[in-house]
2 protein chains.
Amino acid sequence: MVKSKTQELDHIFHALSDPTRRSILRDLGKREKTVGEIARPYRMSLAAISKHLKVLELARLIDRRKAGSHQFVRLNPETLKTAEEWISYYEQFWNERLEALRNLLEIEGGTDG
Amino acid sequence: MVKSKTQELDHIFHALSDPTRRSILRDLGKREKTVGEIARPYRMSLAAISKHLKVLELARLIDRRKAGSHQFVRLNPETLKTAEEWISYYEQFWNERLEALRNLLEIEGGTDG
DNA sequence: TTTAGATTTAACCATGTGGTTGAATATATC
DNA sequence: GATATATTCAACCACATGGTTAAATCTAAA
């Protein structure tokens with residue numbers, strides 16, 4: 001079953017709302033890593049990291065590649081584009097409005113010392 | 001107490017992870033609105049909307065302006081910049097790596113039919 | 001085929017989330 | 001002051017989240 005755009009955004013933003021998960025994404029920037037490697041720097045259990053990876057995977061922020069007994073986890077930067085697009089679209093939209101508002105306030109408030 | 005950058009991102013992304021809250025942000029793009037106005041199109045209670053607004057406020061995605069018995073809620077687009085900056089920073093970083101990876105794969109896989 | 005290593009699953013726990021309803025708290029108006 | 005309107009707060013509920021430990025699964029290697 002294909003996720004709706006809405007669900008997709010739900011999952012992406014939810015995945016990004018946890019500092020451990022953002023940290024994992026940062027760690028994966030350098031290169032792909034195994035689950036064990038990813039977990040090492042953190043003080044929580046491997047099972048906890050495994051859960052975090054599942055959340056990141058549901059959001060499609062990461063991909064996995066099985067390699068024998070272990071597996072490599074790597075980023076899927078395409079997905080971040082989805083979030084960024086949402087944000088920048090609305091930001092632009094809002095900034096236009098905001099600018100109109102600022103102009104209004106300038107007229108009302110004046111710049112007279 | 002001032003929020004850390006990390007907590008700030010936690011709150012912003014968490015706020016954005018709910019479809020009702022994203023919808024509210026969209027609605028506020030047109031103009032500032034009262035709580036009642038915001039709530040009207042939704043089928044949930046006013047109290048539920050009030051809670052959502054609190055989440056958006058904690059993330060500083062909205063501001064409030066008291067005006068007698070009611071109050072006006074408006075966007076704070078500056079905050080979205082924080083999220084966008086995080087995303088675009090890492091996206092750019094990752095895309096560089098990804099491009100390097102793609103080049104590698106091309107070399108390995110070749111383009112020979 | 002046992003054994004060791006890598007990872008996930010299951011069961012559990014405390015706390016958070018998103019909703020409800022009903023009472024409480026302003027504030028404007030009569 | 002009494003009353004209607006706008007909004008929040010409190011208590012509650014079902015379910016999700018983020019963590020734990022222990023058992024299960026899969027693979028590699030002895």
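The values are calculated or read from the model by the stated rules, or taken from the named source; none is laboratory data. Just so it is clear, the model here is predicted, and its values are computed rather than measured. Methodologically, a virtual Cβ is constructed for each residue, glycine included, from the backbone with ideal geometry; neighbour enumeration extends over all protein chains shown. Remember, those area values only see protein heavy atoms, side chains included, never the ligands or the DNA or RNA. Shrake-Rupley method; radii C 1.70, N 1.55, O 1.52, S 1.80 Å.
Across the stretch A:59-70, rounded Karplus estimates of 3J(HN,Hα) from the backbone phi angles (6.51 cos²θ - 1.76 cosθ + 1.60, θ = phi - 60°) give 7, 6, 7, 10, 10, 10, 9, 6, 9, x, 6, 10 Hz, Gly and Pro being marked x.
Quick one: what do you get for the stretch A:5-109 if you divide its Cα Rg by 2.2 N^0.38 Å? Display every interim value, and only then the final one.
Numbers: Rg = 18.9 Å, N = 105, 2.2 N^0.38 = 12.9 Å.
Expressed relative to 2.2 N^0.38 Å, the Cα Rg reads 1.47.
When B and A come together, around 3100 square angstrom of accessible surface is lost from both chains combined, probe 1.4 Å.
Using the Cβ-Cβ distance between B:LYS66 and A:THR20 with R0 set to 45 Å, the FRET efficiency from 1/(1 + (r/R0)^6) comes to roughly 0.75.
Inter-copy label distances for B:VAL35: 4.6 nm (label point placed 7 Å from Cα along Cα→Cβ; shortest first).
Provide the FRET efficiency to the nearest 0.05 for the A:SER4-B:GLU78 pair, computing r from the beta carbons and using R0 = 30 Å. The partial results should precede the final answer.
Details: r = 29 Å, r/R0 = 0.98.
So, using R0 = 30 Å, E works out to roughly 0.55.
Summing +1 for each Lys or Arg and -1 for each Asp or Glu among the other residues whose beta-carbon sits under 9 angstrom from that of A:ARG60 gives -3. The trypsin sites (Lys or Arg not before Pro) of the stretch B:1-102 meeting both criteria, a DSSP state outside H, G, I, E and B (loop) and at most 15 other C-beta atoms within 10 angstrom of the site's C-beta, are B:LYS3, B:ARG31, B:ARG43. Length available on full extension from B:VAL35 to B:GLU85: 0.36 nm per residue minus the Cα-Cα distance, which gives 15.0 nm. Remark: label point of A:LYS81 defined 7 Å out from Cα along the Cα-Cβ vector; separations to the same position in other copies 2.6 nm, ascending.
Accessible surface calculations at 1.4 Å, restricted to protein heavy atoms, place the stretch A:5-109 at 57 Å² per residue.
Each copy carries a label point for A:LYS66 at 7 Å from Cα toward Cβ; from one copy, the others' points are 6.1 nm away, ordered from shortest. Across the stretch A:49-54, rounded Karplus estimates of 3J(HN,Hα) from the backbone phi angles (6.51 cos²θ - 1.76 cosθ + 1.60, θ = phi - 60°) give 4, 4, 5, 4, 5, 5 Hz, Gly and Pro being marked x.
Computing FRET efficiency as 1/(1 + (r/R0)^6) for B:SER50 and A:LYS51, where r is the C-beta to C-beta distance and R0 is 41 Å, gives about 0.80.
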